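The values are calculated or read from the model by the stated rules, or taken from the named source; none is laboratory data. This is a predicted model, so every value here is computed, not measured. Quick reminder, even Gly has a Cβ in these numbers, built from the backbone with ideal geometry, and neighbours come from all protein chains shown.
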Amino acid sequence: MESNRSRREFLKKSSALGIAGLGLTAMASGLERVASLEEMAGDEVASFTLPPLPYEPGALEPHIDQMTMTVHHDKHHRAYVDNLNKACSENKITLTLDQIMAKVSRFPDAVRNNGGGHWNHSFFWNLMGPPKRKDNAPSGKVAEALKSSFGGFDEFKNQFNAAAMKRFGSGWAWLVKTQEGRLVIGSTPNQDNPLMDVAEIKGTPILGVDVWEHAYYLKYQNKRADYLGAWWNVVNWDTVAKNL
Ligand code: MN
């Protein structure tokens, strides 16, 4: 009985406090909102757009054909962007794409797959360009870095090709600069990338190649090695130098 009475008195007091305390409550929630803004980078749900190809879709011919580039960019990449936006909206994600990559394990698979798809393809288009020379090889600081890390461009290419060939199913091969500044080669499955907290190989991507069949099947069918051989002709070493 005593406890019931004291509960009733407590409720009476707290309801009085409730009315008087409304202003305080509003102030407190205002403060909370400011605190979470710092963490979440903004009130607005993230929305991403499909970047245009930095060249005509036929510009990489004959190595990468126009139809592959058109479908790859206009259909596949667009789908990653659309589905990422849907996932951001459903999960009320307000982060930048790089922030999403760094915390991707906290989000549903749709964010990982489509966020990675958007990041990877935006990166990939700029790594390629119209074939210029017969021998498309790096020069300057890129050539020097590949020599000191792998013994030379040919050795680097062999190791990179091996990583791309060994990746079972769909994925990417990467040249990555680790936090310690070392250059390493590796690969990731699906649309994962080395910026993700879940990745086995971590660091800043310097070069990457898409080895999903959609990247080569129309021209090269099952011959991934032929696609890779052709791809080196369209690598834009100026972009690689900037990434380095
Ligand atoms: Mn792709």
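When we screen ALA87, ALA79 for residues that are within 16 Å of the ligand (Cβ to nearest atom) and of a type in the set (A, V, I, L, M), the only hit is ALA79.
When restricted to residues that are among the basic types (Lys, Arg) and free of Cβ contacts under 8 Å to residues at least 12 places away in the same chain, the range 137-159 contains 1.
Looking only at residues in the range 217-229 that are within 16 Å of the ligand (Cβ to nearest atom) and under 21 Å from LYS132 (Cβ atoms), the one that is surrounded by the most Cβ atoms within 10 Å (Cβ to Cβ) is TYR227.
For HIS214, the conditions (1) surrounded by fewer than 18 Cβ atoms within 10 Å (Cβ to Cβ); (2) away from the ligand (no atom under 16 Å from the Cβ); (3) in contact (Cβ under 8 Å) with a residue 12 or more places away in the chain are fulfilled apart from (2). Close contacts from the range 112-136, counting a first residue that is closer than 20 Å to THR94 by Cβ and a second that is in a helix (DSSP H, G or I) and among the small types (Gly, Ala, Ser), with Cβ to Cβ under 7 Å and a gap of 6+ residues or different chains, come to ASN114/ALA87.
Listed by position, the helices (runs of 4 or more DSSP H) inside the range 85-177 whose residues that are closer than 19 Å to TRP231 by Cβ and either under 15 Å from the mean Cα position of the chain (by Cα) or modelled with pLDDT of 95 or more (or both) number at least 3 are 109-126, 140-150, 153-166.
Does THR188 fit the bill of being within 23 Å of the chain's Cα centre (by Cα), assigned to a helix (DSSP H, G or I) and within 28 Å of ALA79 (Cα to Cα)? Show your work before the answer.
Working: within 23 Å of the chain's Cα centre (by Cα): yes; assigned to a helix (DSSP H, G or I): no; within 28 Å of ALA79 (Cα to Cα): yes.
It is false that THR188 is within 23 Å of the chain's Cα centre (by Cα), assigned to a helix (DSSP H, G or I) and within 28 Å of ALA79 (Cα to Cα).
Residues that are farther than 20 Å from ASN190 by Cα, at pLDDT 50 or above and surrounded by 14 or more Cβ atoms within 10 Å (Cβ to Cβ) are absent from the range 21-42 altogether.
Could you list all residues from the range 191-211 that are more than 25 Å from LYS141 (Cα to Cα) and either at pLDDT 95 or above or within 16 Å of the ligand (Cβ to nearest atom) (or both)?
Here is the first cut: in the range 191-211, the residues more than 25 Å from LYS141 (Cα to Cα) are 191-192, 196-200, 211.
Selection gives GLN191, ASP192, MET196, ASP197, VAL198, ALA199, VAL211.
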